[in-house]
Amino acid sequence: MTTTSTTTPETRHTMRRILTGALLVLTAALGAVLAAAPAEAATGTYLRLAHLSPDTPAVDISVTSFTGQTLQLDGVGYGNVSSYRRIEPGTYTIQMRPTGNPDSPPIVSGTLDAGAGGAYTAAALGPRSGLSVRLLADDLTRPPAHSARVRVVQGAQSAGAVAVTWNAAPVLGSVAFGTATGYVDVPTGSGTLGLAPSAGAPVQASVRFDDGGVYSVLVVQGPGGLEAKVETDALGVGDAPVGGVETGLGGTAPSSPGPVVPLAVLAVAGAGAGIALRIRRRVR
């Protein structure tokens, strides 16, 4: 005996309404998850370290918070800048010692009061006889459209004050040794970064600044003379730094929330597909 199953037009109409409602709910949930993703990725407080004292040998750098977070970087030489580390807001002590001498008195010390959502570069600047830890506030907010944000940190003692130009336009004035400028917005694209020291020959470097990028130009003494090292602070993503962001100091900070969003999206999408499949099978 053969049994025939039929579905009335009224039943099909009801099931379509159920399917439409379910998909609308899932779409709203998916939109909420996606909307939260950029905010999640952009939050955090960040710190990086730089050695910009030309007559100071390589150092071991320790960063310690009052709550016990620690970071140790060994053998940091002149001209080097670490990747950003995500840290908790709070007060930190930064100490630099000669490499391989953990029990020696620090060459220089500094204190960082890290505010929530801030980004900082702790730079050893100046000659060794007057070395200090300069705490630079990094402005990682997105610049206006068709612009990049640039600053200069002068770490070349032999150059004296350095005049900086971008495509022959003076954008940052004259930068004294051991100092850093504020950020300025410049037109984007490929061009020529000019360095005109008060002592020595001028230098030009071919550089590209991308739309929405934030950069620090480090003036350093290279083997062949004056050099410009361009560090990318952030690239078109608001206040989330790029370029090797490392999470936590000494493994004590919370882990990165990055994978949570993709898994949530997959879960919502999978649930939507399952419901749609079950409803369609019943409608047929």
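Would you work out if the stretch 56-138 is rounded, prolate or oblate? Take a ≥ b ≥ c from the square roots of the eigenvalues of the alpha-carbon gyration tensor; rounded if a/c is under 1.5, else prolate when a/b is larger than b/c, oblate otherwise. It comes out prolate by the Cα gyration axes.
Distance between the pseudo-spin-label points of Thr232 and Gln72 (7 Å out from Cα toward the beta carbon): 3.2 nm. Judged by the mean number of other Cβ atoms found within 10 Å, the most tightly packed of the peptides 82-93, 110-121 leads the ranking 82-93, 110-121. Modelled spin-label separation between Thr99 and Ser206, with each label point placed 7 Å from Cα along the Cα-to-Cβ direction: 3.2 nm.
Each value in this text was obtained by applying a stated rule to the coordinates, not by laboratory testing. The shown structure was predicted, so the numbers you read here are calculated from the model rather than taken from an experiment. Counting neighbours? That spans all protein chains shown, and the Cβs are built from the backbone with ideal geometry, glycine included.
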